[in-house]
Each structure stands twice: as C-alpha cells, then as structure tokens.
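Novice: Provided herewith is a single structure, encoded as structure tokens, for subsequent inquiry.
The values are calculated or read from the model by the stated rules, or taken from the named source; none is laboratory data. All of these numbers come straight from a predicted model, not from anything done at the bench. Counting neighbours? That spans all protein chains shown, and the Cβs are built from the backbone with ideal geometry, glycine included. Only protein heavy atoms, including side chains, enter the accessible area calculation; ligands, DNA and RNA are left aside. Shrake-Rupley method; radii C 1.70, N 1.55, O 1.52, S 1.80 Å.
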Amino acid sequence: MARKQLTMAEPYNWKEFTDRTTLERSLADTIVNRLASSITKRGKALIAVSGGNTPKKLFQVLSNADLAWDRVIVTLVDERFVPPSSPRSNAALVSENLLQNKAAAARFVPLYKDATSLEDAASSDSVDMQTLPWPADVVILGMGLDGHTASFFPDAGNLASLLDSASTRTVLPVHAQSAGEPRLTLSAARILCAGFLALHIEGSEKRAAFEQAMTNEPKKPIRSVIEAAPKPVEVFWAP
Ligand SMILES: O=C1O[C@H](COP(=O)(O)O)[C@@H](O)[C@H](O)[C@H]1O
C-alpha cells in the first residue's frame, strides 16, 4: 500500500515577479486593499514599514493610491538612532517618499526622538507607541544581506529579547557593531501579530541570502521571525 507522503508546510509563500515595477504595483495593491478593509472594519488602519534602500519606489507608488489616508497611521519597523536630517534616517525616507501626494493625509508616528540616550528614546517611544491601534494591519519587512530584518542584527547583544514573541515591549533599543549606529526597533512580538506580514526583497544577492538564511546554521534573525509567524509570511521578490 502506498504511504501518504508527509510534507512540512513552508513557513512562507514565495511571490516572484518578472521585474521590480510589477512587484511594487502588486505589493502596493495588496497593502492598499488590506488597509481599506481595516478602515471599513475598525475605522482606522495601522501600517509599519521598513527603511533602507529597497522600499523607496514602493513608497512612491503607495503615495498615489486612492485610500482614506486620513484614517491611516504609518510607523516604522525600525530606525537608525539619527535625526531626520540624516541621510540614514528611515523617517526621512518615509516622509520624502510615502507621506506625499494622496498619502500626505496619513498620520506618521516616528520611532526616533531627540532624547538623551537610546534607552530613553526606546522607553518613551514605547509609551507613545502603546497608544497605537495594535495589532498592526500591515507590516512590511526588509532584509539585509547578513540576514537581519527590522533591526534584529545577528550580533545584537539583546537578540533573544528582540526575538521574544511573548515580549510585552513595543519598541526596543539595539546595539550591534554590524548595524553602523544604535537602533530602535519594533519587537518581534508586535511584528508577528500583524494582520498581513510581508518581506520585500529585490535582486539576486538578496534571494541567495534569503535562501541561505532559511537553511544554513547558525539561524539568522529573518528565519527566526519567519518560523515564529503564526501564518506563512508573504515574500515578495523580483530580480
Ligand atoms: O538597515 C536597514 O536595513 C534593512 C534592509 O535595507 P536595504 O537597504 O538592504 O533594503 C531594512 O529592512 C531596515 O529597515 C533598515 O533599517
């Protein structure tokens, strides 16, 4: 008698596109539909977006989308501990590319505050951030070639706390030599509760890094997040 093959379900859905423009349109449509449905259900919507280089065009597409943006709150998945005047600021990236055009009506809640220390900023941000309508409706993650996502860097001293899915913290400080500067990040606990959780990566190097991170040891932060997600993470990739 033939045995039924037992297969492990993939913890992610791979969504491959022929080019970046098509990916950006598709991901923007998905995000807008999710936010619109949350606005219908609860009168508002919360989205957390990543920084870095990858999401710039996606933000520009999103900024022109028809949506009740005045009902949308935008925050960041993570931030470099730099003021918005810095070219490294994720808040500046969002302001200049997403909070434009139709999306200028959205409310933006940044992670960075001019505080005396990173730890102060993380604790005061946590109070502010607690008042947001969690869980987020949409969280869009990015990934570095080192397998970090959000600011969960492989060499962060507090990596276990950052990845703790039972954490009650919203924002946490990160010190990691490989990060370039200190960081603020949403906790994995907040990220994992999102109604829609996607990873947006582009290019062959990122694809190879993702595939290695999902198989090789030691376990990279992106894999820890994907494996802890309550439903498969949607991975959007284009060459
Ligand atoms: O430092 C960061 O890097 C990652 C990946 O950025 P990319 O430039 O390689 O797209 C990003 O997801 C994160 O938000 C950012 O702070």
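Novice: Can you name the condition, by its number, that Val127 falls short on among (1) closer than 21 Å to Ala189 by Cα; (2) surrounded by 16 or more Cβ atoms within 10 Å (Cβ to Cβ)?
Specialist: The one condition Val127 does not meet is (2).
Novice: Of all residues being among the hydrophobic types (A, V, I, L, M, F, W, C) and under 21 Å from Ser187 (Cβ atoms) in the stretch 36-62, which is nearest to the ligand (Cβ to nearest atom)? Just the residue, please.
Specialist: Of everything passing the filter in the stretch 36-62, Val49 is nearest to the ligand (Cβ to nearest atom).
Novice: Check off (1) surrounded by fewer than 23 Cβ atoms within 10 Å (Cβ to Cβ); (2) under 22 Å from Arg80 (Cβ atoms) for His148 and give me the number that stays unchecked.
Specialist: Answer for His148: the failing condition is (1).
Novice: Find the residue count for the stretch 60-108, including only residues that are buried (at least 17 other Cβ atoms within 10 Å of the Cβ) and not in a loop (DSSP other than H, G, I, E, B).
Specialist: 22
Novice: Also: Looking only at the stretch 63-88, count how many residues are among the aliphatic types (A, V, I, L, M) and more than 16 Å from the ligand (Cβ to nearest atom).
Specialist: 5
Novice: Suppose we filter the stretch 146-202 for residues that are touching a strand residue (DSSP E or B) at 6+ places or on another chain (Cβ under 8 Å), closer than 27 Å to Arg34 by Cα and part of a loop (DSSP other than H, G, I, E, B); how many remain?
Specialist: Here the count works out to 6.
Novice: Filter the stretch 36-59 down to the residues that are open to solvent by 20 Å² or more (accessible area, probe 1.4 Å) and over 17 Å from the mean Cα position of the chain (by Cα) and list them by number.
Specialist: Ala36, Ser37, Ile39, Thr40, Lys41, Arg42, Gly43, Lys44
For (1) in contact with a helix residue (DSSP H, G or I) (Cβ under 9 Å, 6 or more places away or on another chain); (2) among the β-branched types (Val, Ile, Thr); (3) within 15 Å of the ligand (Cβ to nearest atom); (4) at pLDDT 95 or above, each residue gets a yes or a no:
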position	(1), (2), (3), (4)
Gln130	no, no, no, no
Asp137	yes, no, no, yes
Asp164	yes, no, no, yes
Pro173	yes, no, yes, yes
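Novice: Working only within the stretch 184-239, note down all residues that are of a type in the set (Asp, Glu) and away from the ligand (no atom under 12 Å from the Cβ).
Specialist: Result: Glu211, Glu217, Glu227, Glu234.
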